[in-house]
Amino acid sequence: MSVAALETPMMQQFLKVKAQHPDAIVFYRMGDFYEMFLADAELAAPLLDIALTTRDKGKPDAIPMCGVPVHAADGHIKRLAELGHRVAICEQVEDPRAMTGRRLVRREVVEVVTPGLVGDPDGIDGRTLVALVAIWWPEEGADANGRRFGLAMLEASTGDFRATELDVDAAVAGSDEALPDALLQELSRIAPREVLVPAPALDRCRAALASLPGPIVVTAAPASAFASLRSSEAWPGIGQGSDDPGTRAARAVANYLAENQPFAALRPPALSRYALADTVVLDDATRRHLELFENSEDRGRSGTLIAELDLTACALGARRLARWLAYPLRSPRQIAVRQEAVESLVERDRLRGRLREAIAGVRDLERLLAKAMRPGAVPRDLGALRASLRALPQIVAALRDEDAAPGGAWLGSEPRAAGRLEAPEPLPELLELLERALIDEPPVIARGSRGAQETGYVREGYRSDLDALRESASKGREWIAGLEAEERERSGIPGLKVRFHPVHGYAFEVSKSQLAKVPADYERKQTLANVERFSTERLREVESRVMGANERAAKLEREIFDALRERVAESSEPIRAAADRVATLDALASLAEVARRKRWVRPVVDESETLEIKAGRHPVIESVLGRRGADGFVPNDTRLDPAGTQILLLTGPNMSGKSTYLRQVALIVLLAQIGSFVPAESARVGVVDRVFTRVGASDRLARGESTFMVEMRETAEILSQVTRRSLVILDEIGRGTSTFDGLSIAWAVAEHLHDARGGEARTLFATHYHELVALAESRPRIQNAHFEVREWNEEVIFLRRLVPGGASRSYGIQVARLAGLPPRVIERARTILQDLEAGSLPGGASKPRASQARDGQLFLALEPKRSRRAAAEARTLDALRQIDCNVITPLDALTWLARAREELARAAADEGEEGSA
Ligand code: ADP
Ligand code: MG
């Protein structure tokens with residue numbers, strides 16, 4: 001490209017801006033477009049699916065460029081940020097119309113949108129959070145006390161700003177790659193779009209964070225960003241004086257916001273602290289397996305617990321409820337506070353109805369506040385904010401009304417004060433101001449646009465100077481309109497019209513055929529195809545008065561609007577406080593509404609180690625199947641405690657209901673610990689500290705790991721982290737490998753969970769390995785159970801009822817038939833099974849014991865044809881049957897396994913040779 005092309009004043013200005021933002025795509029404002037140039041254009045055009053063109057088309061060395069219209073820019077900016085890019089928005093900061101001469105308009109970057117700081121929240125779903133996280137950790141050599149990580153997270157558009165601290169475990173402290181598990185887990189729970197880390201740790205973090213789901217952009221922050229606040233803004237609580245890890249991380253977040261979106265940092269949200277030890281740890285795998293927020297089918301919301309639970313009336317409440325579910329509580333006292341509130345709402349239909357109705361009038365107050373603080377705010381944003389403020393007194397009234405009602409004087413005065421519903425503080429002065437200042441339906445105005453449409457949103461009577469300007473403008477317009485008749489008469493041209501053109505202003509329009517009659521004092525202004533337009537001195541005079549008044553009125557409205565925005569910003573603290581209370585009320589009312597509609601009950605939540613559920617149901621599946629009737633959901637009981645039935649071992653065929661039951665129990669526990677009622681007749685939940693869920697053969701191939709590897713890693717995680725307070729849900733672990741491998745692993749894991757001192761977690765263990773039934777004989781706290789199944793005409797009927805004892809048969813073949821396997825295959829399988837059960841095993845093995853021989857899943861792997869391989873397999877099986885599981889040690893089992901595998905492999909290899917010979 002020629003040097004000349006880059007040397008125009010405009011490109012020089014662009015290059016200067018670009019030099020200040022080398023890592024961002026620069027959106028360079030030119031009139032009604034944002035243009036991108038050079039490498040930015042080449043990068044962005046394909047991502048945004050827009051045409052890549054060139055400046056000075058045709059020249060071989062022209063500058064690559066692309067652009068988007070200003071009114072549609074927001075979507076494009078968000079798209080680039082989502083894809084992990086930064087966008088620097090460079091605006092014209094002076095009005096080109098007000099300029100004289102051919103000087104270039106001044107331009108400045110007013111905002112940098114980054115993956116974690118999206119800027120304008122418009123168009124973001126109310127439930128979607130765009131989080132930015134900063135992580136701080138101690139330098140090498142810090143003493144044992146100092147070795148703690150700090151984590152801060154900011155959702156800029158909602159003002160959610162939180163920090164916590166985590167211990168660095170010794171293994172990680174010495175490693176260059178690893179991050180502590182707890183940190184990774186918290187990150188996966190927050191699911192940030194962008195993570196700020198100290199610059200020296202950039203590579204280490206990139207590697208460690210790559211294992212998290214979803215794309216995360218890792219951005220380096222200088223050490224100084226963690227040390228002190230760079231801007232003078234008063235971020236409460238994170239300035240000088242305190243140097244704990246959480247504060248340091250919070251400073252990096254604050255500095256990043258101030259640097260990229262300075263206007264948003266003018267009224268910073270307050271930092272709240274949280275301790276991970278106060279809430280239930282839910283790792284990524286558990287959230288997925290339990291389908292709390294995303295279903296496993298398409299990662300969508302349908303079929304999830306949150307979808308079942310969320311009857312909130314506004315976005316504030318929806319987000320609050322989702323947060324509660326992401327962070328279930330551990331303290332029975334705190335849980336009781338929520339339960340009290342939920343119960344009080346369950347019991348009062350009228351109050352709940354009125355409350356939810358009032359809350360529905362609240363728009364997304366938090367995001368509207370963020371919008372109001374942005375330079376691109378439009379009058380309609382303040383209109384929506386005003387509507388939300390109007391709803392606040394109605395919420396108060398709904399609560400107070402109940403207070404005054406007979407028997408309802410509980411609010412605030414009853415001893416059950418813990419469950420009191422806290423009303424938001426209305427903001428009457430701000431509301432009154434907005435009512436007075438803005439018209440009923442303020443218009444939308446495109447970002448930064450200027451022109452006629454910008455006026456008219458300030459209410460008449462609010463400002464006398466504005467009214468005066470408007471009056472003189474409208475008088476002038478009326479006078480001009482009146483001229484039409486006057487001039488027709490004077491000129492004798494009946495078709496003469498007064499016309500207005502936004503650029504050329506007012507004119508008298510005369511058709512070409514009538515031109516001869518035009519009076520002498522008419523001055524030609526514009527010639528069109530069939531008409532000509534004229535002006536007169538008087539017209540020009542009045543016109544300039546009208547235009548001047550219009551322009552001044554527009555400027556004045558802009559000033560008034562900015563002053564209103566400022567007033568809103570000044571009220572950011574009480575607005576956030578009100579939004580916080582509305583969010584809580586909405587979430588509570590939603591839980592109450594769900595409890596009422598679905599007849600859930602309030603569980604007892606205490607410090608005991610018991611888990612006792614009477615007639616529990618799966619909250620999601622129940623609502624699909626319905627509650628009653630032949631095909632309705634069948635409730636089941638649960639009783640677990642570390643001293644009695646610590647591990648419930650569920651055996652039985654596929655489709656009998658094992659997985660559903662496992663999840664149902666975990667979901668009931670989680671519901672109880674967020675303060676919700678639960679789908680059961682009654683429940684007692686001794687609080688759990690963690691829920692672990694592992695599902696065999698779950699598929700994460702997309703992330704480049706073999707399923708079995710994932711399963712084993714997840715299982716290892718459980719065994720190393722489980723405590724006596726945990727709830728462990730193991731569904732068919734070991735399924736991702738060969739039968740023998742899988743069986744032995746499942747076996748050893750079950751033993752470990754039983755025998756580990758201090759880690760006797762309440763456990764539900766579903767398996768199709770019947771052999772595990774024998775564990776209960778040697779392990780007193782393991783109990784067998786299965787789902788009742790009835791056979792009828794060779795069909796299997798699943799009764800879905802949990803009964804004690806191991807399953808006697810696996811019904812594999814019947815299930816295979818139900819699933820539509822071809823009749824010939826089914827027939828063949830049945831013959832083989834009969835042979836097996838009769839003892840005529842291929843390979844001449846002796847008759848197996850009935851209970852084991854019936855495990856179709858083990859034997860279907862056998863080839864009926866006699867071969868060396870089949871013989872070896874039969875021998876191995878036979879040997880397996882001889883093993884007394886009550887006495888064999890895990891080490892012996894593993895040795896045996898290794899030998900068995902070797903023998904089988906050798907036999908298979910031999911057979912291969914035989915075949916080819
Ligand atoms: P398994 O894990 O034993 O293979 P699932 O838990 O996957 O069985 O259950 C299979 C199907 O049976 C589920 O999709 C569900 O529709 C139904 N089901 C499970 N439990 C119940 C129940 N308690 N009442 C009614 N239907 C149930
Ligand atoms: Mg299952």
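Somewhere in the stretch 525-534, is a residue at pLDDT 90 or above, touching a helix residue (DSSP H, G or I) at 6+ places or on another chain (Cβ under 9 Å), surrounded by 14 or more Cβ atoms within 10 Å (Cβ to Cβ) and not acidic (Asp, Glu)?
yes
In the stretch 295-307, what residues are in a loop (DSSP other than H, G, I, E, B) and out of contact with any Leu (no Cβ under 9 Å at 6 or more places or on another chain)?
Across the stretch 295-307, the qualifying residues are 295, 296, 297, 298, 299, 300, 301, 302, 303.
From 292, 311, which residue is in a loop (DSSP other than H, G, I, E, B), open to solvent by 20 Å² or more (accessible area, probe 1.4 Å) and touching a residue at least 24 places away in the same chain (Cβ under 8 Å)?
Exactly one residue qualifies, and that residue is 311.
Look through 698, 659, 682, 676 and report the one residue that is surrounded by 17 or more Cβ atoms within 10 Å (Cβ to Cβ) and at pLDDT 95 or above.
So the residue among 698, 659, 682, 676 that is surrounded by 17 or more Cβ atoms within 10 Å (Cβ to Cβ) and at pLDDT 95 or above is 676.
Do we find a residue being more than 24 Å from residue 330 (Cα to Cα), assigned to a helix (DSSP H, G or I), within 16 Å of ligand 1 (Cβ to nearest atom) and in contact (Cβ under 8 Å) with a residue 12 or more places away in the chain anywhere in the stretch 589-605? Outline the logic, then answer.
Restricting attention to the stretch 589-605, the residues satisfying the condition of being more than 24 Å from residue 330 (Cα to Cα) are 596-599.
Checking which are assigned to a helix (DSSP H, G or I) leaves us with 596-598.
Narrowing further to those that are within 16 Å of ligand 1 (Cβ to nearest atom): 598.
Applying the additional criterion that residues be in contact (Cβ under 8 Å) with a residue 12 or more places away in the chain yields 598.
Within the stretch 589-605, one or more residues are more than 24 Å from residue 330 (Cα to Cα), assigned to a helix (DSSP H, G or I), within 16 Å of ligand 1 (Cβ to nearest atom) and in contact (Cβ under 8 Å) with a residue 12 or more places away in the chain.
Yes or no, residue by residue, for (1) of a type in the set (A, V, I, L, M); (2) assigned to a loop (DSSP other than H, G, I, E, B); (3) touching an Asp or Glu at 6+ places or on another chain (Cβ under 9 Å); (4) within 14 Å of ligand 1 (Cβ to nearest atom):
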site	(1), (2), (3), (4)
613	yes, no, yes, yes
637	no, no, yes, yes
644	no, yes, no, no
653	no, yes, no, yes
671	yes, no, no, no
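List pairs: first in the stretch 219-240 and within 20 Å of residue 164 (Cα to Cα), second buried (at least 20 other Cβ atoms within 10 Å of the Cβ) and polar (S, T, N, Q), Cβ under 6 Å, 6+ apart or cross-chain?
From the stretch 219-240, the pairs are 225/255; 238/247.
Determine whether residue 743 is more than 30 Å from the chain's Cα centre (by Cα) and within 16 Å of ligand 2 (Cβ to nearest atom).
It is false that residue 743 is more than 30 Å from the chain's Cα centre (by Cα) and within 16 Å of ligand 2 (Cβ to nearest atom).
Among the listed residues 566, 557, identify the single one that is assigned to a helix (DSSP H, G or I), among the acidic types (Asp, Glu) and either open to solvent by less than 60 Å² (accessible area, probe 1.4 Å) or more than 26 Å from residue 467 (Cβ to Cβ) (or both). Reasoning before the result, please.
Numbers: 566 fails: either open to solvent by less than 60 Å² (accessible area, probe 1.4 Å) or more than 26 Å from residue 467 (Cβ to Cβ) (or both).
One residue alone meets the criteria, 557.
Please go through the stretch 219-262 and pick out each residue that is under 27 Å from the mean Cα position of the chain (by Cα), surrounded by fewer than 21 Cβ atoms within 10 Å (Cβ to Cβ) and aliphatic (A, V, I, L, M).
Matches in the stretch 219-262: 220, 258.
Which condition from (1) closer than 30 Å to residue 157 by Cβ; (2) touching a residue at least 12 places away in the same chain (Cβ under 8 Å) is the one that residue 566 breaks?
Status for residue 566: all satisfied but (2).
Within the stretch 1-58, which residues are among the β-branched types (Val, Ile, Thr) and either touching a Gly at 6+ places or on another chain (Cβ under 9 Å) or open to solvent by less than 70 Å² (accessible area, probe 1.4 Å) (or both)?
If the condition is that a residue be among the β-branched types (Val, Ile, Thr) and either touching a Gly at 6+ places or on another chain (Cβ under 9 Å) or open to solvent by less than 70 Å² (accessible area, probe 1.4 Å) (or both), then 8, 17, 25, 26, 50, 53, 54 are the ones that fit.
Quick check on the stretch 724-736. Is at least one of its residues at pLDDT below 85, within 16 Å of ligand 2 (Cβ to nearest atom) and more than 18 Å from residue 763 (Cβ to Cβ)?
The answer is yes, given that some residue of the stretch 724-736 is at pLDDT below 85, within 16 Å of ligand 2 (Cβ to nearest atom) and more than 18 Å from residue 763 (Cβ to Cβ).
Out of 746, 774, report the one residue that is in a helix (DSSP H, G or I), of a type in the set (A, V, I, L, M), closer than 23 Å to residue 886 by Cβ and touching a Lys or Arg at 6+ places or on another chain (Cβ under 9 Å). Give the steps one after another, and end with the answer.
On the way: 774 fails: touching a Lys or Arg at 6+ places or on another chain (Cβ under 9 Å).
746 is the lone residue from the list that is in a helix (DSSP H, G or I), of a type in the set (A, V, I, L, M), closer than 23 Å to residue 886 by Cβ and touching a Lys or Arg at 6+ places or on another chain (Cβ under 9 Å).
Somewhere in the stretch 639-648, is a residue modelled with pLDDT under 95 and within 16 Å of ligand 2 (Cβ to nearest atom)?
The answer is no, given that none of the residues of the stretch 639-648 is modelled with pLDDT under 95 and within 16 Å of ligand 2 (Cβ to nearest atom).
In this structure, does residue 623 turn out to be closer than 30 Å to residue 381 by Cα and either away from ligand 2 (no atom under 16 Å from the Cβ) or modelled with pLDDT of 95 or more (or both)?
In short, no.
Answer with yes or no whether residue 845 is modelled with pLDDT of 70 or more and surrounded by 12 or more Cβ atoms within 10 Å (Cβ to Cβ).
Working: modelled with pLDDT of 70 or more: no; surrounded by 12 or more Cβ atoms within 10 Å (Cβ to Cβ): yes.
No, not satisfied.
Select, from 207, 254, 250, the only residue that is part of a helix (DSSP H, G or I) and modelled with pLDDT under 90.
Matching residue, one of 207, 254, 250: 207.
Here is a yes/no grid of residues against (1) modelled with pLDDT of 95 or more; (2) open to solvent by less than 20 Å² (accessible area, probe 1.4 Å); (3) outside any helix (DSSP H, G or I); (4) under 25 Å from residue 264 (Cα atoms):
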| position | (1), (2), (3), (4) |
| --- | --- |
| 366 | yes, no, no, yes |
| 381 | no, yes, no, yes |
| 441 | no, no, yes, no |
| 445 | no, yes, yes, yes |
| 449 | no, no, yes, yes |
| 470 | no, no, no, no |
| 474 | no, no, no, no |
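The values are calculated or read from the model by the stated rules, or taken from the named source; none is laboratory data. The model shown is predicted, which means the values in this text are computed figures rather than measured ones. Virtual Cβ from ideal backbone geometry, glycine too; neighbours counted across all protein chains shown. Note: accessible area is taken over every heavy atom of the protein model, side chains too, but ligands, DNA and RNA are not part of it. Shrake-Rupley method; radii C 1.70, N 1.55, O 1.52, S 1.80 Å.
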